[in-house]
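A.B. asks: Below is the structure I would like to discuss, written out as structure tokens.
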Amino acid sequence: MMGGELLLEELRKEIKLAIGCTEPAAIALAVAYATAALGAPPHEIKVVLDPQTYRNALAVGLPYTSLKGPAMSAALGAFLSPQKELLLFADLDPRDAVKAEELFRSGRARAFFDSSLQDLYIEAQVRNNVHRARACIRHHHTNLVALEGPCLNHHNLKPVNWPEPPKSIWENTTFTELFHLASQLDPGKLTFLQEAAKTNLAIARHGLRKGSGLGTGRGLLHIARQIATAGRHDFNWAGVCLAAQAVACAAVDARMSGVPLPVATLGGSGNQGITSLLPVWLVAKGLRAGQGRGLQALALSAAVTLWAKNKLGRLSRVCGSAFAGSWGIAAASLWLLGSDSTPVTRTLCNLAGSLSGIICDGAKPSCSLKVMVGVETGLKTALLTLQGLTASPSGLIAETVDQTLDNVASLARVGMAGADQVLLACSAAGT
């Protein structure tokens, strides 16, 4: 079992700031590393990706351009520095975006996926008339595992070797152990979670003002205001659920449409960071839980989300924001209401019976609709469980929450192994 300090360290490590969707940003980052190692602007770019990274970069918006796709993400990376990692789009000059569009339209920036590659894999190959360079990111969005080129020393870049996949600290921790550990963390050491929530709230406010993307968040806010106008001004779960959905969806709307504002990601996903933090922060405020207890609730939600995602996979075929995010929301909300781990485990098993079928078919504006479902179902299922709802063990739902998660993970990793090819074929047919 992990200890409190190790859990704190993992939470800090897994919360990173990013601009734009993390898969396009990671593709651009790999190209930026390779370009720096080349020492000059590349004439040609080729990126090789695992199928899920490729899929997540197909339809999501990019900053300062209306073009989309992994090849366009790669073209943007040729004009950026790798120093800011997933925040590298913050330095994108709109004039360079135009140059990247020219590079893309000329066919000199290309992207491919290799069906044999598992987990997150991004290999960027760049060349000019004289030299070639290569960079590879593996397992995590910023984990540079290989770098080759003629100008490594000129930019203080160091070639690296292929490391073994990082070992997970979550493997030997049961849900009950995690619940008690996360809910007892020192609030004084959790202020970084409050800053993460504030960062995500800022982009949510942008989405609410502008109606970015599908405008899901702003539409939900309109419904929430209608409820308030009808005279329901006191705390009520219908209003809380709508407000939580509106804020989370607005942040996803803005992010998925390419708004160049930072997001606090969780486990490599901005949508997971939004889903697991913003609704819990709003519930804590609505319940007047106090800052310390609110911070502990954020830690619990983030920890449960990461615990679930570790089983599902970094890039899962089951929507991590809707499924793992709803688990975090439900666990933290019930804890704020005074529940111990027993009703929480029942709730998570109940959720597995409803949200396991929400597949990830790529990052795009409609992700806000999946987040809407995850937030609502997480909160409402938690309340239903308090009223005695218990789904009997059957199908994916097992006797324990740990075995239930193993079953969902088996579905995502093994049972849906052929989903990537089908989804990519559907995407190709729609273009």
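A.B. asks: Take the residues in region 163-176 that are open to solvent by less than 80 Å² (accessible area, probe 1.4 Å) and at pLDDT 80 or above; name whichever of them is farthest from HIS140 (Cα to Cα).
C.D. replies: So the first thing to find is which residues in region 163-176 are open to solvent by less than 80 Å² (accessible area, probe 1.4 Å), and the list is 163, 165-166, 168-170, 173-176.
Next, from what is left, pick out any that are at pLDDT 80 or above: 170, 173-176.
Working: TRP170: 16, THR173: 21, THR174: 24, PHE175: 24, THR176: 27 Å.
The extreme case among them is THR176.
A.B. asks: Which members of region 249-280 meet the condition of being of a type in the set (A, V, I, L, M) and more than 16 Å from GLU195 (Cα to Cα)?
C.D. replies: Step one: of region 249-280, the residues of a type in the set (A, V, I, L, M) are 250-252, 254, 256, 259, 261, 263-264, 266, 274, 277-278, 280.
Of everything in region 249-280, those that are of a type in the set (A, V, I, L, M) and more than 16 Å from GLU195 (Cα to Cα) turn out to be ALA250, VAL252, ALA254, MET256, VAL259.
A.B. asks: Would you check which residues across region 322-349 are in contact with a Ser or Thr (Cβ under 7 Å, 6 or more places away or on another chain), closer than 23 Å to LYS285 by Cβ and open to solvent by 10 Å² or more (accessible area, probe 1.4 Å) and list them?
C.D. replies: The answer is TRP335, PRO343.
A.B. asks: Follow-up question, since we're still on this one. Tell me, please, whether a residue that is surrounded by fewer than 18 Cβ atoms within 10 Å (Cβ to Cβ) and assigned to a helix (DSSP H, G or I) can be found in region 61-70.
C.D. replies: Among the residues of region 61-70, not one is surrounded by fewer than 18 Cβ atoms within 10 Å (Cβ to Cβ) and assigned to a helix (DSSP H, G or I), which makes the answer no.
A.B. asks: ILE45: over 25 Å from CYS426 (Cβ atoms) and part of a strand (DSSP E or B), yes or no?
C.D. replies: yes
A.B. asks: Considering every residue within region 177-193, establish whether at least one is modelled with pLDDT under 95, among the β-branched types (Val, Ile, Thr), open to solvent by 40 Å² or more (accessible area, probe 1.4 Å) and more than 27 Å from ALA425 (Cβ to Cβ).
C.D. replies: no
A.B. asks: What about LEU38, is it in contact (Cβ under 8 Å) with a residue 12 or more places away in the chain, surrounded by 23 or more Cβ atoms within 10 Å (Cβ to Cβ) and not basic (Lys, Arg)?
C.D. replies: yes
A.B. asks: Under 9 Å by Cβ, and 6 or more places apart or on different chains, what pairs join a residue from region 123-137 that is in contact (Cβ under 8 Å) with a residue 40 or more places away in the chain and assigned to a strand (DSSP E or B) with one that is surrounded by fewer than 19 Cβ atoms within 10 Å (Cβ to Cβ) and aromatic (Phe, Trp, Tyr)?
C.D. replies: If the second residue must be surrounded by fewer than 19 Cβ atoms within 10 Å (Cβ to Cβ) and aromatic (Phe, Trp, Tyr), the pairs left are CYS136/TRP162.
A.B. asks: Next up: Name the single residue that is least open to solvent (accessible area, probe 1.4 Å) among those in region 270-293 being more than 14 Å from GLY378 (Cα to Cα), out of contact with any Lys or Arg (no Cβ under 8 Å at 6 or more places or on another chain) and not hydrophobic (A, V, I, L, M, F, W, C).
C.D. replies: GLY273
A.B. asks: For region 350-431, which helices (runs of 4 or more DSSP H) that fit wholly inside it have 1 or more residues that are under 15 Å from ALA324 (Cβ atoms) and open to solvent by 20 Å² or more (accessible area, probe 1.4 Å)?
C.D. replies: Details: elements: 367-386, 401-410, 419-430.
Correct list: 367-386, 401-410.
A.B. asks: Can you name every residue in region 313-337 that is in a helix (DSSP H, G or I), within 13 Å of the chain's Cα centre (by Cα) and of a type in the set (A, V, I, L, M)?
C.D. replies: Passing the criteria: ALA322, ALA324.
A.B. asks: Okay, moving on. Go through (1) surrounded by fewer than 17 Cβ atoms within 10 Å (Cβ to Cβ); (2) part of a loop (DSSP other than H, G, I, E, B) and name the single condition LEU80 misses.
C.D. replies: (1)
A.B. asks: Here's another thing I want to ask about it. When you check LEU87 against the structure, is it within 28 Å of LEU312 (Cβ to Cβ), of a type in the set (A, V, I, L, M) and open to solvent by 40 Å² or more (accessible area, probe 1.4 Å), yes or no?
C.D. replies: It is true that LEU87 is within 28 Å of LEU312 (Cβ to Cβ), of a type in the set (A, V, I, L, M) and open to solvent by 40 Å² or more (accessible area, probe 1.4 Å).
A.B. asks: Does SER212 satisfy being open to solvent by 10 Å² or more (accessible area, probe 1.4 Å), of a type outside the set (Lys, Arg) and under 15 Å from the mean Cα position of the chain (by Cα)?
C.D. replies: no
A.B. asks: Can you confirm whether region 266-281 contains a residue that is in a loop (DSSP other than H, G, I, E, B) and within 16 Å of the chain's Cα centre (by Cα)?
C.D. replies: Yes.
The values are calculated or read from the model by the stated rules, or taken from the named source; none is laboratory data. Worth saying up front: this structure is predicted, and the values here are computed from it rather than measured. All Cβ positions, even for glycine, are placed from backbone atoms using ideal geometry, and neighbour counts span all protein chains on display. In case anyone asks, the SASA skips ligands and DNA or RNA and just uses the protein heavy atoms, side chains included. Shrake-Rupley method; radii C 1.70, N 1.55, O 1.52, S 1.80 Å.
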